[in-house]
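See structure below.
The values are calculated or read from the model by the stated rules, or taken from the named source; none is laboratory data. If you're wondering where the values come from, they're calculated on a predicted model, not measured in any experiment. All Cβ positions, even for glycine, are placed from backbone atoms using ideal geometry, and neighbour counts span all protein chains on display. The accessibility values were calculated without ligands, DNA or RNA, using every heavy atom of the protein model including side chains. Shrake-Rupley method; radii C 1.70, N 1.55, O 1.52, S 1.80 Å.
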There are 2 protein chains.
Amino acid sequence: MAQRFRGKSTHKVDAKGRVSIPAAFRRVLEAGDPEWTTGLFPTLILVYGGKGRKFIEGYTVEAMADVDARIENMPLGSIDRRRAEHTFLTESFQVQVDLTGRLVLPQNIRDKFGISDEAVFAAAGTTFQIWQPEAHQEHSEKMDEWYDDAENVDPLVLLGAAAPVTASTGD
Amino acid sequence: MAQRFRGKSTHKVDAKGRVSIPAAFRRVLEAGDPEWTTGLFPTLILVYGGKGRKFIEGYTVEAMADVDARIENMPLGSIDRRRAEHTFLTESFQVQVDLTGRLVLPQNIRDKFGISDEAVFAAAGTTFQIWQPEAHQEHSEKMDEWYDDAENVDPLVLLGAAAPVTASTGD
DNA sequence: TTGCATCCCATGAATTCCCATATATACAGA
DNA sequence: TCTGTATATATGGGAATTCATGGGATGCAA
């Protein structure tokens, strides 16, 4: 498995829609772009589809290639395949990190998610998410409500039920 | 099972957020990083998520790979998976031990745990914890309250119910 | 030719790297 | 067993880089 996105941070969005990508995320994007070599700027894919989703989802080139392959394995013409194509292919776009480590969020996308002058980048393993700050805060609190239950102080409890797989250390 | 973290000690945190990692812990981090060889500096992952938790939890690369694998075995999109992702992926970050055996705790993390000029490193087997000194003291006392009960003088009593497995010395 | 998007440059702040030192620990030889 | 020497550890300071962000120039298209 490729490098994982980890961590979160808030960044300014300027009038042109430019946002800095957290440096740690850029390293993952570079590693996940087969075309990339030192001096070049990695490509990534942003998915804004999915009704009700409150975030834009960022994929490395490799991670998206995996999604594409899965879609291509679905029965041609099936409704599920059409839905997947709609979300991942129609409602997405490809961007390139620029010289200064930023990407541009077009006006209509910013509008859709209510993003104005700031955006939160939150890691989620193979992908990362771009949120409107308050929306992320709300989401974050909802995720943490679980801890209010005195039984659940240790998040490892969440993993307890999962299969005791052998650790894979990746490549 | 890999080498275990053991022991505790207090270290200075300087204005840049740098803290020395106890040398004994470094040995475990080295052993737990598949990329590591003599001369290199091991990577580790710090988890600061988990509402109400009063410490930062440090994982070796291997230990975190196990957590990641468990998360990936959870049903996609399930609430528990989301929570696990939030705590272990979003509210965590990766750092590398530097030339002088230190790591850097960013300002916002230090603020969250009230860590200013000192921090306590406390081992916990496969992971270790970083505490604000007074918080650790408090925790430590709470753990020891148990002994106040005259019946419970021998901590081995705690292990009584555990399965009598054959000791594995690991590798 | 006006609007939008891309490219290029500039700058302060934060972060990393490198070097220095004092103390503690291990080791070797007498 | 004692003692000097080498080694490892914990910590501090400054230089060099990288990062995040803002501003303007350039180019293309409607």
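Structure data summary
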| quantity | calculated |
| --- | --- |
| Backbone HN-Hα couplings from phi across the stretch B:36-44 [Karplus 6.51/-1.76/1.60, Hz, Gly and Pro as x] | 6, 9, 3, x, 8, 10, x, 9, 8 |
| Sulfur and carbon atoms: percent of accessible area, the stretch A:8-146 [1.4 Å] | 51 |
| Protein heavy-atom accessible area occluded, B/A pair - total, 1.4 Å probe, Å² | 2800 |
| Förster radius 25 Å - calculated FRET efficiency between residue A:154 and residue B:9 (Cβ-Cβ, nearest 0.05) | 0.60 |
| Descending Cα extents along the principal axes, chain B, whole Å | 47, 41, 38 |
| Lysines with Cα under 25 Å of residue A:12, excluding same-chain neighbours fewer than 8 positions away | A:54, A:112, A:142, B:16, B:112 |
| Cβ-derived FRET efficiency at R0 30 Å, residue A:86 paired with residue B:96, nearest 0.05 | 0.15 |
| Mean shadow area of the protein assembly as shown, taken as a quarter of the surface of its Cα convex hull (nm²) | 21.0 |
| Per residue value of the accessible surface for chain A (all protein chains in place, 1.4 Å probe), Å² | 54 |
| Calculated SAXS-style log₁₀ I(q)/I(0) at q = 0.20, 0.24 Å⁻¹ - the stretch B:1-67, Debye, Cα scatterers | -0.96, -1.23 |
| Inter-centroid distance (Cα atoms) of the stretch B:9-34 relative to the stretch A:24-54, Å | 32 |
| Kirkwood-type radius of the stretch A:26-110, with distances r between different C-alpha atoms, in Å | 13.9 |
